[in-house]
Every structure is written in C-alpha cells, then in structure tokens.
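Q: Dropping the structure in here first, questions after.
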Amino acid sequence: MLSQQEKNASNSQYYFQHIIIHVNLSESTMTGSLVCQLYVNETHSGAKQKLHYSMTSVEQSQTRSLFTLNEYTGELRVSGLLDFETVKKHYLLIAVRYSSLRSYTSYATIYINILDVNEYAPQFFGLYIPSKLESHHINVLDNDLEFQNLGTFTFYISGLNPVNSSVGCVTAYDPDSDENGKIVYSIVKGDTSDFFAIEPLNGCIILAKSLLPNYAYSTTG
C-alpha cells in the first residue's frame, strides 16, 4: 500500500503515510519488466479524484533513464539495461496526490538492489615470468579453434630445474564482481605426461616432475 487517506470526523483533515519498499532485481531483468505497482487504499468514500504519481527524487542520475513510472497507474517498470558493475543500488522517491487536492501528498521510498549475474568469461591478458633461463622454451598457446581467444604465453625452463620450481604465471581478468568474478586456473590440454601443475588461484605453473635434458615440452594453461 502506497498511502492511505483518512478523514478525521472532528476536523476534516486528511492524513497520509510514507512507506519504504525494498526490491531485488537481477541485472539481466528485461526492459519493460514490472518492478512494482504502487496503489492507494482510499478509505474516504467521498474522494473520487484521479490519482497522479510522480518520481520526485533519485540518488543516481542514471536511475531516471533505467526506470519509468506510469503517472496514472503507479506501475514502475525497467526502461534500460541494468548493470551491477555500474550501479548496485537505486533510490527513488515517489509521490502520489489527488489532482484536485495538491496540498495532500503521500510518498513512497523505493530501494532497488541490483543482483549480479555471471555475464563474462575470463580473458587472459598478461604474462609474468619469475625468471628467464637460456634454455628450451615452452609455448603454452594451443592454436586449436577452441582456444583461439587465449593470449600467448612463452616460458623458458631448463631440464635441470628442480621439481616444484616455478615455470611462470599466467594472468586473467573477469569483469564480473564478487563470486562471479573469481577465477580458477587449470591445465586443460597439452600436458599429456603431467610434467606441470598450475596453482588454481594465482595461475602460477610449477614443475611437477623432472624433465629430460635437451627435450622440448609444451602445455596449455
């Protein structure tokens, strides 16, 4: 209920309520979707006036372009693309009044929380090499079609490197936030002999078992 108009029998004054509404919306909510509908519970039987709803205040400038309010029905709908990474919360102050009773206005404060969804796949974008040795190189790029979007990472390693030594680190980025933006690394192809392992949280590749001298190895991380 947005507001309630009551008539006091002793002084004929009108009283209005101010309510607070909390709404959760996924950032994938489609344009045109109904957020909520505001309404007035008219207890004063003599009031047969038309109601007029208006958006009087917002906290973020983008809010007015993302939500529209029907001034006659009180329907609040999505009118733009929501993005959790841009604005996580929206604040709206909605007013309602009778067209002939401009002095009597009721308000609703609406807080809209935007919920994050997993929109993006992680992308490799950088290379970090703890040490470069003058020896055989390892190319961790696989040119098969399913890996065509990966970056190129070339590491150098000697057959004399001890087990558990660092080969290099790959880096990736996910524009999603919070849990949806967390990245887990794994070796999915190429290392058929299991010579290498990768730290799942930081993308650093280590030597899992001894290499043979003067022998070339490759893996995809």
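No lab work stands behind these numbers, since they all come straight from the coordinates. Because the structure is predicted, anything quoted here is derived from the model rather than measured. Here Cβ is always computed from backbone atoms with ideal geometry, including for glycine, and neighbour counts include all displayed protein chains.
Q: Enumerate the calculated ³J(HN,Hα) couplings along the stretch 107-121 in order (Karplus 6.51 cos²θ - 1.76 cosθ + 1.60, θ = phi - 60°), each rounded to whole Hz, writing x wherever the residue is Gly or Pro.
A: 10, 10, 9, 10, 10, 10, 9, 8, 9, 6, 10, 7, 9, 10, 8
Q: Here's a follow-up. What's the magnitude of the charge dipole for the stretch 60-106 around its Cα centre, counting Lys and Arg as +1 and Asp and Glu as -1 at the beta-carbon? Answer in Debye, nearest 20.
A: About 180 debye.
Q: Cut-off is 10 Å between beta-carbons; in what order do MET30, MET55 appear when sorted fewest neighbours first?
A: Placing the least packed residue first, the sequence is MET30, MET55.
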